[in-house]
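The values are calculated or read from the model by the stated rules, or taken from the named source; none is laboratory data. Note that the structure is predicted; figures quoted are calculated from it, not measured. Backbone-built Cβ (ideal geometry, glycine too); neighbour counts: all protein chains shown.
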Amino acid sequence: MDDAACAGNWHEFDFFPGKGNLAIDARLLCQRCPVRWRCLEYGMPETHGIWGGATERQRRRLRKLPDWKAVVVRMCVEDARLRKFVEGGAGDWRNWVSA
């Protein structure tokens, strides 16, 4: 995915961490990625690595849901709404949560 936040520099981040490594730097990069949901959907069947900001354990839990694709899309829509709210200088995050 050419427009991914990790495109061209994925090797600088630990997207395939060992056991016990939380890969915080890679997951934070995913948080601001414009194609995060596509990456997460693509990586859902993968058994290792960080895909769309989710660990294998998180993806395994999502896969147990009968409507996991709808959940993934919903998460990404909410993420985009929050990002737009914060970047728009709309103030305290609690205002967004109660909206």
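Filter the stretch 43-77 down to the residues that are of a type in the set (G, A, S) and within 17 Å of C30 (Cβ to Cβ), then identify the one that is farthest from the chain's Cα centre (by Cα). Walk me through it before giving the result.
Taking the stretch 43-77 first, the residues of a type in the set (G, A, S) are 43, 49, 52-54, 70.
Next cut, within 17 Å of C30 (Cβ to Cβ) only: 43, 49, 52-54.
Working: G43: 11, G49: 12, G52: 4, G53: 3, A54: 6 Å.
Only one residue tops the list, namely G49.
From E87, E78, which residue is modelled with pLDDT of 70 or more and of a type in the set (D, E)? Let's see the steps before the verdict.
Working: E87 fails: modelled with pLDDT of 70 or more.
On inspection, the qualifying residue turns out to be E78.
Every listed requirement among (1) closer than 16 Å to W68 by Cβ; (2) in a loop (DSSP other than H, G, I, E, B) is met by A4 save one, (1). Close contacts from the stretch 49-61, counting a first residue that is in contact (Cβ under 8 Å) with a residue 12 or more places away in the chain and a second that is among the β-branched types (V, I, T), with Cβ to Cβ under 6 Å and a gap of 6+ residues or different chains, come to none at all.
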